[in-house]
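The values are calculated or read from the model by the stated rules, or taken from the named source; none is laboratory data. Keep in mind it's a predicted model, so treat the numbers as computed, not measured. Don't worry about glycine lacking a Cβ; one is built from the backbone with ideal geometry, like all the others, and counts go over all protein chains shown.
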Amino acid sequence: MNLIRDRQSLSRSELSQLTGLTRPTVSAIVNDLTTEKIIIETGKGESSGGKRPILLELNSEYRYVIGIDLGDDYVINGVLCDFCGKIVAQKKLHYENSLDDILKILKELILNLVAKTTSNRLYGVGIAVSGIVNQQTNEIIGSTTLDIKNCGLAAKLEKLCGLPVLLENRPNAAALAETRFGAGREHRSLVYITSGRGVGAGIVIDGKIFRGSFGAAGEIGEMLLPQSTAFDGNTCRQLEEFTRASSITAQVENIKNTKLSFGDIVAAYHADDPEVNSVIQENAKYMAYAAQIVANLLNPEMVVLGGRAAELGDKYLNHFRNCFKQGLIQGPLNGQTIAEYSHFGRLGVAVGGAAIVLEKILGE
């Protein structure tokens, strides 16, 4: 099932070659999966001399899952995805930062998305949260932005909605979504870097999320940046102090001496406002500096920029790439980490929540 998902379609012969299983064994497994309607026959592939092979794909309607992004200042984003990770429906609702209101809005959002499909096909809910998650207990053990730490969020929501709920850190979830269904689909290792309210990284190595020894791998927001030639605590500030959206807005407002939204700043950047250009280019430099450190340590195939970065377009991405390549390690096979925008943009984290649940289904 994982092979078919990753390759999108395969024949029985190709499955036999890739798995090392005999063709009769593959046929028996395929028959079981087609009987259960987990995979379907979709047509015929190219012939290599004999009969054209019948291609197999995952049945997109076999299961549906809900993915939720719980991290924005004011809005919770939710998506309903099919078994192949395609967004079928989406919904966003405003909330207040209290446990009671978060639970209330999450329930409303889930029920709204449940109504978009047949409930007996809905497998569960994946919530990508702003915080650190204990995978063994399915509990949020650290969050500096939301009132959800050690509160039994998943268990309480399961009682309210009657569906299994899985939790994951936001960048981790988004990194998995890009690996399975997005910009990194052709790659086995990548680092997803997001900037918005905060800054963080999600790491996928050999197709699996890397969380580190204590679940905090990728927490790069507190990385110290040198502000002078003397690298010490008095002259360093945290990465996210310079690079989160609110910091960019504050810097531009200070220069312009007027109140602006982030959308106003994006528009000014696209219009080549020199003062805004200077601030955004400095942001790209800092983000590239952090990405370069992570890439040189892990040597991934790809760095994916998520969050609000894609709103800044190709000009920002090109400047980021130029800064990123300076001092970037090159592998002995002349391979070098590439940088791309997220395939899903700001919905990437919500799709990541869905990907976490789909991963559980395919792992059972």
Exercise for the section: State all residues of region 285-314 that are of a type in the set (D, E, K, R) and either surrounded by 20 or more Cβ atoms within 10 Å (Cβ to Cβ) or in contact with a Cys (Cβ under 7 Å, 6 or more places away or on another chain) (or both); if no residue qualifies, say none. Expected result: Lys285
Practice task
Considering only region 13-45, state which residues are over 18 Å from Glu61 (Cα atoms) and in contact with a strand residue (DSSP E or B) (Cβ under 7 Å, 6 or more places away or on another chain).
Solution key: Lys44, Gly45
Practice task
Search region 194-211 for residues being at pLDDT 90 or above and farther than 14 Å from Ala173 by Cβ, and hand back the single one that is surrounded by the fewest Cβ atoms within 10 Å (Cβ to Cβ).
Solution key: Asp206
Exercise for the section: Could you please let me know if Asp32 is acidic (Asp, Glu) and closer than 30 Å to Val133 by Cβ? Expected result: no
Handout entry: Contacts under 9 angstrom Cβ, first residue in region 346-360 being closer than 18 Å to Ile193 by Cα, partner of a type in the set (Ser, Thr, Tyr), 6 or more apart
Key = Gly348/Tyr192; Gly348/Thr194; Gly348/Ser342; Val349/Thr194; Gly352/Tyr192; Ala355/Thr179
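In the list Lys116, Lys107, which residue meets the criterion of being out of contact with any helix residue (DSSP H, G or I) (no Cβ under 8 Å at 6 or more places or on another chain), of a type in the set (Lys, Arg) and not assigned by TED's automatic domain parsing to the domain that holds Arg244? Before the answer, list the steps.
Details: Lys107 fails: out of contact with any helix residue (DSSP H, G or I) (no Cβ under 8 Å at 6 or more places or on another chain).
Lys116 is the lone residue from the list that is out of contact with any helix residue (DSSP H, G or I) (no Cβ under 8 Å at 6 or more places or on another chain), of a type in the set (Lys, Arg) and not assigned by TED's automatic domain parsing to the domain that holds Arg244.
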Exercise for the section: Any chance you could count how many residues in region 125-137 are surrounded by 14 or more Cβ atoms within 10 Å (Cβ to Cβ) and either more than 29 Å from Tyr62 (Cβ to Cβ) or modelled with pLDDT of 95 or more (or both)? Expected result: 8
Completion exercise
Of the residues in region 80-99 that are assigned to a strand (DSSP E or B) and either over 22 Å from the mean Cα position of the chain (by Cα) or touching a residue at least 24 places away in the same chain (Cβ under 8 Å) (or both), the one that is surrounded by the most Cβ atoms within 10 Å (Cβ to Cβ) is Cys81
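Identify, from the list Glu240, Glu253, Glu282, the residue that is of a type outside the set (A, V, I, L, M), surrounded by 16 or more Cβ atoms within 10 Å (Cβ to Cβ) and in the same structural domain as Ile205 (by TED's automatic domain parsing). Lay out the reasoning, then the answer.
Values: Glu253 fails: surrounded by 16 or more Cβ atoms within 10 Å (Cβ to Cβ); Glu282 fails: surrounded by 16 or more Cβ atoms within 10 Å (Cβ to Cβ).
Every option except Glu240 fails the conditions.
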Exercise for the section: For Thr249, state whether it is at negative phi, assigned to a helix (DSSP H, G or I) and of a type outside the set (D, E, K, R). Expected result: yes
Exercise for the section: Scan region 256-273 residue by residue and report those that are hydrophobic (A, V, I, L, M, F, W, C) and in contact (Cβ under 8 Å) with a residue 40 or more places away in the chain. Expected result: Phe262, Val266
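Within region 147-193, take every residue that is acidic (Asp, Glu) and buried (at least 24 other Cβ atoms within 10 Å of the Cβ) and give me the one that is nearest to the chain's Cα centre (by Cα). Give the steps one after another, and end with the answer.
Going residue by residue through region 147-193, those that are acidic (Asp, Glu) are 147, 158, 168, 178, 186.
Then drop every residue that is not buried (at least 24 other Cβ atoms within 10 Å of the Cβ), which leaves 168, 178.
Details: Glu168: 10, Glu178: 6 Å.
Per the criteria, the residue is Glu178.
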